Amino acid sequence: MKVTDHIKHSKGKTLFSFEIIPPQKGRNIQELYNNIDPLMEFNPPFIDVTTSREEYVYIDKGDGLLDRKITRMRPGTVGICASIQHKYNVDAIPHVLCGGFTKEETEYVLVDCHYLGIQNVMALRGDAMSHEKYFKACAGGHEYATELVAQIQNLNTGKYLHDVIESEHKSDFCIGVAGYPEKHMEAPSLQTDLRRLKEKVDAGADYVVTQMFFDNNKFFEFVKAAKAIGINVPIIPGIKPIAVKRHLQLLPQVFKIDLPEELIVEVEKCKDNKAVRQVGIEWAIKQSRELREAGVPVLHYYSMGKSDNIKAIASALF
Ligand code: FAD
């Protein structure tokens, strides 16, 4: 079922969902199931599966030279989605990226998704590759998520690439896009970034999932500003529980977000990461309760492949 239909059918009750990352190449999918299993009792209507950017690896040739190869360390997004739908009978949502894919490759991914009965896709630009300072689209790929949304929307009307029209065999994807309560790191201002978000919605996006934030006021202001410029699709908050002390530096550095002083002080008081994990759980519960009271349609958690803290949060709420 489409995410928007799940929201409609919930009749105002806040739903629980989460995001997982594929295992590293060569690892067993059972590891993934072991982290999904404990969360199924909270009835997630959908589970998101991320897609990783490709990266360079250097292989020692033994003669003092290094061979540079390109690889995706966590492949398998669409396969994992199919297996989740089959095993758990919940909707799985593949993240589809502009970065590293030509428009043709994207079309093949979407055709696979359509055949597999996947009804939702999350359309994202992707970050720059780890050695790049700025994002660069590959030759024949999309530069911005808006263009990807337009390609998916075209497919929904039966318009394939290179003017192939198959209106009898169109897809019907529900399209999610990313939103940033503290603005995207490259955007010159929050207002400009919101205008870009509106472009994604105008191109066909059906719902928005936000970047993590730790201060609910940022989310509430973002939703208000989004509505003010005519963004009327559901906006789903993304929540990440802090899990290790290093997150105090890592999260602001990687995601360009602020952490509230009160949370920083609590984390700094912790003697070890077990205590930090507990602080993260309590903060996320507090955030989630307030968001639920404000009537958010879904509470969407970034699990980073570990379910114990998400289970503790969900147990307190659902
Ligand atoms: P866009 O919407 O294209 O925006 C990127 C930047 O360009 C913004 O600053 C925007 O303001 C600006 N912009 C947009 N359109 C234009 C235009 N026409 N002209 C000029 N500027 C413009 N990354 C992954 O690699 N894999 C994942 O699975 C993944 N999942 C994610 C899930 C969520 C919920 C979120 C919030 C992020 C996720 N990301 C993922 C990270 C995401 O790919 C990065 O944040 C990326 O840098 C931006 O992606 P976007 O889709 O928001 O890009």
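The values are calculated or read from the model by the stated rules, or taken from the named source; none is laboratory data. Please read these numbers as outputs of a predicted model, since none were measured by experiment. Cβ coordinates were reconstructed from backbone atoms using ideal geometry, including for glycine residues, and neighbour counts include every protein chain displayed. The area values use the complete protein model at the heavy-atom level, side chains included, leaving out ligands, DNA and RNA. Shrake-Rupley method; radii C 1.70, N 1.55, O 1.52, S 1.80 Å.
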Counting all C-alpha pairs of the range 1-41, share separated by more than 13 Å (%) = 64
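Over 27 Å between C-alpha atoms is what I'm after, so list which of K170/K224; K8/K218; K274/K311; K11/K311; K25/K87; K218/K286 land there. The partial results should precede the final answer.
Numbers: K170/K224 35 Å; K8/K218 25 Å; K274/K311 15 Å; K11/K311 24 Å; K25/K87 21 Å; K218/K286 15 Å.
Check vs 27 Å cut-off fails for K170/K224.
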Give me the orientation-averaged projected area of the Cα convex hull of the chain, in nm², one decimal.
-> 18.2
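Probe of 1.4 angstrom, ligands and nucleic acids ignored: what's the accessible area per residue over the range 182-318, in square angstrom?
Numbers: 6560 Å² over 137 residues.
Ligands and nucleic acids excluded, the figure is 48 Å² per residue.
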At q = 0.11, 0.18 Å⁻¹, base-10 log of I(q)/I(0) for the range 115-267 (Debye sum, equal scatterers on each alpha carbon) = -0.52, -1.15
When every protein chain stays in place and a 1.4 Å probe is rolled, R195, R289, R74 sorted by accessible area with the largest first are R195, R289, R74
Would you work out what percent of the accessible area of the chain, with all protein chains in place, is carbon or sulfur (probe 1.4 Å)?
-> 51
Taking the alpha-carbon centre of each part, the distance from the range 106-125 to the range 178-208 in Å is 22
If you wrap the range 141-217's Cα atoms in a convex hull and average its projection over all directions, what's the area in nm²?
-> 6.0
With every protein chain in place, what's the accessible area of D308 (1.4 Å probe, Å², nearest 10)?
-> 90
Return the Cα extents of the range 216-318 along principal axes one, two and three, sorted largest first, each rounded to a whole Å.
-> 46, 30, 24
Mean-position separation - Cα centroids, the range 218-292 and the range 46-86, in angstrom | 28
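Going by average Cβ density within 10 Å per residue, which order do the peptides 112-119, 167-174, 142-149 take, highest to lowest? Could you put the intermediate results ahead of the total?
Values: 112-119: 17.2, 167-174: 14.9, 142-149: 21.8.
Those peptides, ordered most packed to least, come out 142-149, 112-119, 167-174.
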Rg to Rh quotient for the range 6-140, alpha carbon positions, Kirkwood Rh = 1.04
Counting residues in the range 179-260 as N, plug N into 2.2 N^0.38 Å and put the Cα Rg over that result.
-> 1.11
